[in-house]
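Below is one structure, written out as C-alpha cells, with a few remarks after it.
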Amino acid sequence: MKINPEYNSKEKLLNLYNKPLLELVFEAATVHRKFHNPREVQMSSLLSIKTGGCPEDCGYCPQAARYHTDVEAHKLMSVETVIEQAKNAKNNGSSRLCMGAAWRDVRDNKDFDSVIEMVQAVNDLDMEVCCTLGMLNEDQAVRLKNAGLFAYNHNLDSSPDFYKDIISTREYEQRLDTIGNARKAGISVCSGGIIGMGEAIEDRVGLLWSYMQMENPPESIPINALVAVEGTPLADQKPIEQWEMIRMVATTRIAFPETMVRLSAGRTKMSMEGQALCFMAGAGSIFAGDKLLTTPNPEFNEDKEMFDILGLITKEPFANGEKPVSKPDEKIIERKRKEAERAAQIEANRGTKVEGFEPRKVVSENN
Ligand code: SAM
Ligand code: DTB
Ligand code: SF4
C-alpha cells in the first residue's frame with residue numbers, strides 16, 4: 001500500500017491534518033506500527049559538497065548568490081575530504097550520507113565526474129548515498145545510479161500554487177521531470193517540502209496531494225520547518241509552532257504508510273517532547289550532526305541523549321532496499337585514458353629533442 005486509499009481527495013487530507021491533535025497522532029502511530037519498527041530512527045548526515053553561489057532565487061535559501069547572507073561561495077569539496085567526512089558520520093552512527101550542491105542543475109563536466117567518484121567511495125563504506133544536486137537529465141541519473149547512488153533528493157517544497165510565490169527561476173514541472181528521471185534510472189526518490197514559509201494549510205496538503213498523484217510516490221519524504229536566514233526574503237517569517245510540524249509528520253505518515261518520513265530542518269527550535277511526538281507520529285529519521293547544509297542543527301550529544309531517553313535505536317543502512325553495486329564509470333575511464341595519452345605524448349616529445357630545434361612548450365593541459 002504505497003498510498004492510503006482512505007485519503008483519496010484533498011478535502012479528506014485537509015480534514016485529516018485538522019483532526020484533534022492527539023487523535024491525529026494516535027491514528028498516525030497506529031499506521032506507523034503496522035509498517036515500521038517504531039523504535040528505529042535512521043541517523044542521516046548532510047554534507048554540503050558545493051556551498052553557495054547558486055543562481056536560483058529560492059526565497060528560503062541562504063545559498064542563493066543574489067541574497068546577502070553570511071554564506072560564502074566555495075568550489076567543490078575534494079573526494080578525499082568527502083571520504084573523511086563520511087567516515088566521521090558513520091563513526092557517529094549515521095547510516096546515510098546526503099551530499100548537497102548549490103547548483104541549479106548538473107553539468108557534464110569534471111565536477112560531476114568528481115561527484116560520481118564521491119558516490120562510489122561512500123557506497124564502498126556501506127552507507128546509503130543520497131545526492132541533491134538540482135536538476136538532472138536521464139543520462140546523468142543513469143551515471144549516478146551506476147556509481148552506486150541509493151537515493152536522489154529533489155523537493156517540490158510546497159503546493160504548485162504557493163511554489164510560485166517562493167521560486168521563479170525553476171518551474172514545478174521541471175522539478176517533477178527531475179524526479180521522473182531519477183525514478184526512470186531506478187534510483188529511490190526522496191522528495192518533500194518546507195512548512196513555515198507563510199503558506200496556508202491547504203498548501204501543505206497540496207504538497208502531499210502532488211505526491212499522492214504520482215504513479216510511484218517517493219520512498220522518502222523529508223519534512224522541513226523553514227530555517228529563517230538573515231538576508232533571504234523569508235528572513236522575517238514568524239517561526240511555526242511545533243504542533244504544526246507534528247501535524248505535518250502525522251498526516252504524511254498516514255497518507256503514505258510505507259514511506260520514510262524524515263524529520264528534517266528546524267529541530268533546533270523544537271523541544272525533545274515535540275520531537276518525541278513526531279517520532280510517535282511516524283518520523284523515522286533525523287539529520288544528525290551540528291550542521292545541516294549551512295545552518296545549525298542539534299549537537300550530536302544532545303541527539304544521543306534524546307535517543308537514550310526515548311528508547312530509540314538507530315536504523316541500519318539498506319533496511320529499505322538493497323545496497324547498490326558501484327560500477328566503473330565509462331566517461332571517467334575515457335577521460336583518464338585521454339589524460340594519460342596526453343601525458344605520454346608530452347613525455348615522448350621531451351625525448352625527441354632534435355639538435356638546433358626546441359619543441360613548443362605545453363603551457364596547460366586544459367587548454
Ligand atoms: N540546489 C539543489 C536543489 O535546490 O535542488 C539542492 C540543495 S537545496 C539546499 C535542498 C533543499 O533544502 C531545498 O529544496 C529545500 O527544500 C531545503 N532548504 C533549503 N534552504 C532551507 C531553509 N532555509 N529551511 C528549510 N529547508 C531549506
Ligand atoms: C531536505 O529536505 N532537507 C535537507 C536535505 N533535504 C538536503 C536540507 C536542509 C537545508 C536547510 C538549510 C541549510 O542548512 O542550508
Ligand atoms: Fe540553489 Fe538549491 Fe538553494 Fe534553490 S535551494 S537557491 S537551487 S541551492
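Remarks
- In the range 292-310, residue surrounded by the most Cβ atoms within 10 Å (Cβ to Cβ) [restricted to those that are within 22 Å of the chain's Cα centre (by Cα) and among the aliphatic types (A, V, I, L, M)]: 293
- Output for the range 260-282, where each listed residue is more than 16 Å from ligand 3 (Cβ to nearest atom), of a type in the set (Gly, Ala, Ser) and out of contact with any His (no Cβ under 9 Å at 6 or more places or on another chain): 271, 274, 276
- Residues of the range 119-144 that turn out to be farther than 23 Å from residue 315 by Cα and more than 16 Å from ligand 2 (Cβ to nearest atom), as a count: 7
- Subset of the range 295-344 [touching a Pro at 6+ places or on another chain (Cβ under 9 Å) and in a helix (DSSP H, G or I)]: 306
- Per-region count, the range 145-162, residues farther than 24 Å from residue 333 by Cβ and either touching a residue at least 40 places away in the same chain (Cβ under 8 Å) or away from ligand 2 (no atom under 16 Å from the Cβ) (or both): 10
To keep it simple, each residue is scored yes or no on (1) farther than 29 Å from residue 126 by Cβ; (2) loosely packed, with under 14 Cβ neighbours inside 10 Å; (3) within 15 Å of ligand 1 (Cβ to nearest atom).
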{"position": "4", "(1), (2), (3)": "yes, no, no"}
{"position": "11", "(1), (2), (3)": "yes, yes, no"}
{"position": "19", "(1), (2), (3)": "yes, no, no"}
{"position": "27", "(1), (2), (3)": "yes, no, no"}
{"position": "45", "(1), (2), (3)": "no, no, yes"}
{"position": "58", "(1), (2), (3)": "yes, no, yes"}
{"position": "76", "(1), (2), (3)": "no, no, yes"}
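- Meets criteria (out of contact with any Phe, Trp or Tyr (no Cβ under 6 Å at 6 or more places or on another chain), surrounded by fewer than 21 Cβ atoms within 10 Å (Cβ to Cβ) and either within 30 Å of residue 139 (Cα to Cα) or of a type in the set (Ser, Thr, Tyr) (or both)) for residue 212: yes
- Condition broken by residue 290, with the remaining ones in (1) away from ligand 1 (no atom under 14 Å from the Cβ); (2) out of contact with any helix residue (DSSP H, G or I) (no Cβ under 7 Å at 6 or more places or on another chain) satisfied: (2)
- In the range 48-75, the residues that are over 19 Å from residue 135 (Cβ atoms) and more than 10 Å from ligand 2 (Cβ to nearest atom): 67, 68, 70, 72, 73, 74, 75
- Some residue of the range 223-239 being modelled with pLDDT of 95 or more, buried (at least 22 other Cβ atoms within 10 Å of the Cβ) and more than 18 Å from residue 61 (Cβ to Cβ): no
- Count - residues of the range 50-94 that are within 16 Å of ligand 3 (Cβ to nearest atom), hydrophobic (A, V, I, L, M, F, W, C) and out of contact with any helix residue (DSSP H, G or I) (no Cβ under 6 Å at 6 or more places or on another chain): 8
- Pairs, first at positive phi in the range 50-64, second crowded, with 19+ Cβ neighbours inside 10 Å, C-beta under 7 Å, six or more apart: 52/63; 52/71; 52/102; 53/102
Rundown of residues vs (1) surrounded by 10 or more Cβ atoms within 10 Å (Cβ to Cβ); (2) under 30 Å from residue 257 (Cα atoms); (3) touching a strand residue (DSSP E or B) at 6+ places or on another chain (Cβ under 7 Å); (4) at pLDDT below 90, yes/no style:
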residue: 312; (1), (2), (3), (4): yes, yes, yes, no
residue: 315; (1), (2), (3), (4): yes, yes, yes, no
residue: 319; (1), (2), (3), (4): yes, yes, no, yes
residue: 323; (1), (2), (3), (4): yes, yes, no, no
residue: 327; (1), (2), (3), (4): yes, no, no, no
residue: 331; (1), (2), (3), (4): yes, no, no, no
residue: 334; (1), (2), (3), (4): yes, no, no, no
residue: 349; (1), (2), (3), (4): yes, no, no, yes
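- Tabulated pairs, the range 167-181, first touching a residue at least 12 places away in the same chain (Cβ under 8 Å), second of a type outside the set (A, V, I, L, M) and part of a helix (DSSP H, G or I), C-beta under 7 angstrom, 6+ apart or interchain: 172/160; 172/163; 181/138
The values are calculated or read from the model by the stated rules, or taken from the named source; none is laboratory data. All values derive from a computational prediction rather than experimental measurement. Cβ: placed from backbone, ideal geometry, glycine included. Neighbour counts: every protein chain shown.
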